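Derivation of every value follows stated rules applied to the coordinates shown; laboratory data play no part. No experiment lies behind these values; they were computed from the predicted model shown. Please note: Cβ atoms are built from the backbone with ideal geometry, for glycine as well, and neighbour counts cover all protein chains shown.
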Amino acid sequence: MVRPPVAVVALFVFWLLLSGMPVPFLVLSGLGCSIAVVLLAGRLNRVADECNPVRLVWAKLASYCPWLVKEIVLAAWDVSKRILNPRLPISPTLVEFCPSQKTDAALTIHANSITLTPGTISVEVEHGRFLVHALTEEGALSLAGSEMNRRCSELEDA
Amino acid sequence: MEILTTVLSWVFLACGAFFCLLGGIGLIRMPDFYTRMHAASVTETLGAGSLLLGLMLHAGFSLVTVKLAMIGVLIFLASPTASHALAKAALLSGLRPLLGKELSSREVPPSKR
């Protein structure tokens, strides 16, 4: 959970960027809304009792994003070529494998990255088990022990 | 400089339009639900990504660009979550995916659609 003052400032900046109109009424109501949201969210968290801090190595995440974009472009290009190929060279495969991440945040990032990459969709996600539908057999076989798996594990705070 | 960004933005817009169209073609050509989702993900990654990038270059340094970047972040967080929910719901409700290599060589007969 982010500290409340930080959350208020972040929400207020978000409001200002979206509004883009420096009228006193709008700025003040934005500030009021930010404070109200943080207060209400704090109450919700107390009720749910689920303070699950996201622990990630942010420096690794910064280098992970460009890498993921590159992977997405390559995979999208591959799927595009298959779509345009008159013979439609696909071999849909369901594959199960064991991701090496331990924390929820890293598992979520890994599963979302798999789905975001065209050609693979994570269907079931549990600790130690991913069920992935892949457009091609090669794509399915390259999932276990992939570079994406390694990079997602590096995101975890050791 | 002005001309360069204009040309670049049009290149990205054209690429985005092309990949959106390609995703649509794939959506029609693919044999079953799950493979169609793969085709759709081309649209929501490369298609939407290039369109947003083109629009950002078009808008230059302004609040519009910031908002476009926010839309991009939203798409890249929400679309895989939605795809995952869709695929999981389909599998849980008993829709079996077409599997195997036999699909690769021939079109699926109309009776199986």
Once amide hydrogens are built 1.01 Å from N within the peptide plane, the residues lying 5 or more places from A:G119 or on another chain with amide H under 5 Å from its amide H are none
Measuring from the longest principal axis of the C-alpha atoms of chain A, the long axis of helix A:4-19 (C-alpha) lies at a number of degrees, nearest 10, equal to 80 degrees
In debye to the nearest 20, the charge dipole size for segment A:58-155, taken about the Cα centre with +1 at each Lys and Arg Cβ and -1 at each Asp and Glu Cβ, equals 240 debye
Expected sort for B:76-89, A:13-26 on mean C-beta neighbours within 10 Å, highest first, is B:76-89, A:13-26
The number of Lys pairs in the protein assembly as shown whose alpha carbons lie under 25 Å apart, excluding pairs fewer than 8 residues apart on one chain, is 10
Which residues qualify? For A:S91, with a placed amide H closer than 5 Å and at least 5 residues away or on another chain, they are A:T136, A:E137
Rounded to a whole number, the mean other protein chain Cβ count within 10 angstrom for residues of A:98-106 is 0
The relative contact order of segment B:2-91, taking Cα pairs under 8 Å that sit 6 or more residues apart, comes to a percentage of 32 percent
The alpha-carbon pair-distance distribution computed for the protein assembly as shown, with 5 angstrom bins and whole-percent values, is 1, 5, 10, 13, 15, 14, 13, 11, 8, 5, 3, 1, 0, 0
Measuring from the longest principal axis of the C-alpha atoms of chain B, the long axis of helix B:33-42 (C-alpha) lies at a number of degrees, nearest 10, equal to 10 degrees
Log10 I(q)/I(0) at q = 0.11, 0.13, 0.19, 0.21 Å⁻¹ for segment A:58-155, from Debye over equal alpha-carbon scatterers, is -0.31, -0.44, -0.88, -1.05
Mean per-residue count of partner chain Cβ within 10 Å for A:67-80 equals 4
